[in-house]
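Novice: Can you keep this structure in mind? I'll have questions shortly.
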C-alpha cells in the first residue's frame, strides 16, 4: 500500500485548515505555559502551602482530574445540543481566559483547603474548554489528514511543554515561584487570545 509522506509544511502549519492551524497555535502556547509550572507544582505546594506534602499534592491533582472527568460529559452533551458554532466558540474563549488567569490565585493561597478550591475551579473550567476545543477542531479537520493533523497537534504541544518544563525548573530555582506564576499567566492569556483568530471561520447557527 502506498503511503503518502507527511509534508514538512504540516509542521509549520501551512498546509492546514486555518481553524485547525489557529487552534494548534493557541494550545501550543497554552500547554507550553502549563509546562513552566506543571512538573514542579508539587514543590510549590511544599514551599507555599501550610502543611503541604505529598498527600496534599496528590489530593489536589485528584480533585482537578475528578472534577474535570465528572463534569466533562454532561457539559459536552449540552454543547452538542447547541446549534451552530458561535456558542461553542465563546464558551471556549471565555473558559480559556479564565483558566489562564486562575494561576494568579496561587499567589494568595496558603492552606490546603484553598488549594483544593482552586483545583476544583481548574477542573470546572477545563470541563468547558476541552469539549468545545475538540468539537471545533473535529469539525474543521481536513479530510484524509485527520491522523496527520492530530499528530502535528500533539507533537507541537508536547515539544513545547517539554522545552518550557526545563525552563520552568530553572526559573523557579533562580527567581522563585511568584515570577514564574506571573509568566505562566501572561503566556497563557496570550495563547488564549489567539483563539480570537478562529472567529471569522465559525459556522452560523442553523
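Novice: Pick from region 157-188 the residues that are farther than 11 Å from residue 36 by Cβ and surrounded by fewer than 19 Cβ atoms within 10 Å (Cβ to Cβ): which of them is nearest to the chain's Cα centre (by Cα)?
Specialist: 158
Novice: Could you say which residue among 151, 147 is out of contact with any helix residue (DSSP H, G or I) (no Cβ under 8 Å at 6 or more places or on another chain), assigned to a helix (DSSP H, G or I), more than 22 Å from residue 61 (Cβ to Cβ) and touching a residue at least 12 places away in the same chain (Cβ under 8 Å)?
Specialist: When all the criteria are applied, what remains is 151.
Novice: Got a sec? Which of 28, 111 is surrounded by 15 or more Cβ atoms within 10 Å (Cβ to Cβ) and either within 30 Å of residue 171 (Cα to Cα) or at pLDDT 95 or above (or both)?
Specialist: 28
Novice: Based on this model, can you work out whether residue 121 counts as assigned to a helix (DSSP H, G or I), free of Cβ contacts under 8 Å to residues at least 24 places away in the same chain and in contact with a helix residue (DSSP H, G or I) (Cβ under 8 Å, 6 or more places away or on another chain)?
Specialist: So residue 121 passes the test.
Novice: Next question. Look at region 164-195 and say how many of its residues are farther than 18 Å from residue 108 by Cβ, at pLDDT below 95 and out of contact with any helix residue (DSSP H, G or I) (no Cβ under 7 Å at 6 or more places or on another chain).
Specialist: 5
Novice: Does region 45-63 hold any residues that are in contact (Cβ under 8 Å) with a residue 60 or more places away in the chain and within 19 Å of residue 104 (Cα to Cα), and which are they?
Specialist: Passing the criteria: 45, 47, 48, 49, 50, 52, 63.
Novice: Can I ask one more? Without any contact (Cβ under 8 Å) to a residue 60 or more places away in the chain, assigned to a helix (DSSP H, G or I) and more than 30 Å from residue 149 (Cα to Cα): does that describe residue 42?
Specialist: Answer is yes for this residue.
The values are calculated or read from the model by the stated rules, or taken from the named source; none is laboratory data. Only a predicted model underlies this, so the values are computations on that prediction, with no experimental measurement involved. Cβ atoms come from the backbone with ideal geometry, glycine included; neighbour counts cover every protein chain shown.
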